[in-house]
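The values are calculated or read from the model by the stated rules, or taken from the named source; none is laboratory data. Here the structure is a predicted model, which is why all the values come from computation and not from measurement. Cβ placement follows ideal geometry from the backbone for every residue including glycine, while neighbour counts extend to all protein chains displayed. Only protein heavy atoms, including side chains, enter the accessible area calculation; ligands, DNA and RNA are left aside. Shrake-Rupley method; radii C 1.70, N 1.55, O 1.52, S 1.80 Å.
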Amino acid sequence: MPDEHPGLPVDPDEPEGRNLRPSGVALVFLGGAIGTAARYGLALAAPTESRGWPTGTFVANVLGALVLGALLEGLARAGPDDGWRLRARLLAGTGFCGGFTTYSTFAVEADLLVRAHATGLAVGYLVASVGVGLVATILGVMAAARWRSGA
Amino acid sequence: MAVGRMIVFLAVVAGGLGAAARFAVDGAVKARIDSDFPWATLAINVTGSLLLGVLSGLVIAGSAPDGLRAVLGTGFCGGYTTFSTASFETLRLAQRGAAGRAALYVAASVGLSIAAAALGLLLAR
């Protein structure tokens, strides 16, 4: 089946032209720092108990997936991946969403739940994160598509 | 508390560095592997999970201060790895008619990352 979204990158973190210009790296760093701060704040607001649902990470990952979907779809519809669109993608996408979400914490939390004899919760956390995350990405893309086509 | 705020600051900076490192690794992998399969993000998420596993294990064993996990773990590894990108890439694979590869990507990402983190936790004993 043909790619209905040829303008969307396959990998949203791909540096444009595979060329790591300092300005791009700086944008990713800045966005990543802000995203990390937001995730850290969530972790402080909702700390994970040893046999508890990792709320902070779950919320960050799902929210980040939603935002990235909306951002990339919105930018792709706004034009080619250059100029301000490229800068916005690096800062808010690769940077912020990449920093806000985390795979490592997700993985370790699942392992620790198993260690704490909460394997069912670990599996539930796994499935929910992936499933709800994917739905969030789709909703983000759909929201941006609707917004852009109405413009 | 002053020490607490310093740790948070360092963690945030480390997160930025992690994101920048992800950007660099992503470019390096892409330059060598020409494929639609998201090998770069997969490699990043798995290696980041291994590192965080080790850090968490060290803290649990009392061999490392919690601040180190905050900065290198929550900070660097958190900024380095990414859930949003993996989710988006999964969707893109499915949109391009590669549902099988999308499912494989999810399974590999989850399975290998959890295994890597478990290995890290073990290694830190």
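Taking region B:1-36 only, how many residues are crowded, with 18+ Cβ neighbours inside 10 Å, more than 19 Å from B:Gly75 (Cβ to Cβ) and more than 7 Å from every other protein chain (Cβ to nearest Cβ)?
Going through region B:1-36 one residue at a time, the tally reaches 1.
Condition test on B:Gly97, is it within 8 Å of another protein chain (Cβ to nearest Cβ), without any contact (Cβ under 8 Å) to a residue 24 or more places away in the chain and outside any helix (DSSP H, G or I)?
So B:Gly97 passes the test.
Considering only residues that are open to solvent by less than 40 Å² (accessible area, probe 1.4 Å) and of a type in the set (A, V, I, L, M, F, W, C), look in region B:55-77 and name the one that is farthest from the chain's Cα centre (by Cα).
Filtering region B:55-77 for residues that are open to solvent by less than 40 Å² (accessible area, probe 1.4 Å) and of a type in the set (A, V, I, L, M, F, W, C), the one farthest from the chain's Cα centre (by Cα) comes out as B:Ala64.
Here is a yes/no grid of residues against (1) open to solvent by 30 Å² or more (accessible area, probe 1.4 Å); (2) touching a Pro at 6+ places or on another chain (Cβ under 9 Å); (3) of a type outside the set (Phe, Trp, Tyr):
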{"position": "A:Phe29", "(1), (2), (3)": "yes, no, no"}
{"position": "A:Gly41", "(1), (2), (3)": "yes, no, yes"}
{"position": "A:Trp53", "(1), (2), (3)": "yes, no, no"}
{"position": "A:Ala60", "(1), (2), (3)": "no, no, yes"}
{"position": "A:Glu73", "(1), (2), (3)": "no, no, yes"}
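Please go through region A:101-120 and pick out each residue that is more than 7 Å from chain B (Cβ to nearest Cβ) and either among the β-branched types (Val, Ile, Thr) or in contact with a helix residue (DSSP H, G or I) (Cβ under 7 Å, 6 or more places away or on another chain) (or both).
Of everything in region A:101-120, those that are more than 7 Å from chain B (Cβ to nearest Cβ) and either among the β-branched types (Val, Ile, Thr) or in contact with a helix residue (DSSP H, G or I) (Cβ under 7 Å, 6 or more places away or on another chain) (or both) turn out to be A:Glu109, A:Leu113, A:Val114, A:Thr119.
What about A:Gly133, is it at the interface with chain B (Cβ under 9 Å from one of its Cβ atoms) and within 26 Å of B:Val12 (Cα to Cα)?
Yes; evaluated as a whole, the condition is true for this residue.
Can you pull out the residues in region B:33-67 that are modelled with pLDDT of 95 or more, within 25 Å of A:Phe29 (Cβ to Cβ) and aliphatic (A, V, I, L, M)?
B:Ala40, B:Leu42, B:Ala43, B:Ile44, B:Val46, B:Leu50, B:Leu51, B:Leu52, B:Val54, B:Leu55
Filter region A:41-61 down to residues that are at pLDDT 95 or above and away from every other protein chain (no Cβ under 11 Å) and give me whichever is farthest from B:Thr82 (Cα to Cα).
Step by step, filter region A:41-61, then rank; the result is A:Trp53.
For a quick check of your reading of the model, give me the residue pairs whose first member lies in region B:68-86 and is at the interface with chain A (Cβ under 9 Å from one of its Cβ atoms) and in contact (Cβ under 8 Å) with a residue 40 or more places away in the chain, whose second is of a type in the set (Phe, Trp, Tyr) and not in a helix (DSSP H, G or I), with beta-carbon atoms closer than 7 Å and at least 6 apart or on different chains.
Pairs that qualify, where the first residue is at the interface with chain A (Cβ under 9 Å from one of its Cβ atoms) and in contact (Cβ under 8 Å) with a residue 40 or more places away in the chain and the partner is of a type in the set (Phe, Trp, Tyr) and not in a helix (DSSP H, G or I), are B:Thr81/A:Tyr103; B:Thr82/A:Tyr103; B:Ala86/A:Tyr103.
Yes or no, residue by residue, for (1) touching a His at 6+ places or on another chain (Cβ under 7 Å); (2) in a helix (DSSP H, G or I); (3) free of Cβ contacts under 8 Å to residues at least 60 places away in the same chain:
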{"residue": "A:Arg39", "(1), (2), (3)": "no, yes, no"}
{"residue": "A:Trp53", "(1), (2), (3)": "no, no, no"}
{"residue": "A:Val62", "(1), (2), (3)": "no, yes, no"}
{"residue": "A:Gly69", "(1), (2), (3)": "no, yes, no"}
{"residue": "A:Arg85", "(1), (2), (3)": "no, yes, yes"}
{"residue": "A:Gly98", "(1), (2), (3)": "no, yes, no"}
{"residue": "A:Gly120", "(1), (2), (3)": "no, yes, yes"}
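Taking the criterion of being open to solvent by less than 10 Å² (accessible area, probe 1.4 Å) and not in a helix (DSSP H, G or I), would at least one residue in region B:80-88 satisfy it?
The answer is yes; a qualifying residue exists.
Could you tell me how many of the residues in region B:14-27 are without any contact (Cβ under 8 Å) to a residue 60 or more places away in the chain and either more than 15 Å from A:Pro22 (Cα to Cα) or of a type outside the set (A, V, I, L, M, F, W, C) (or both)?
2
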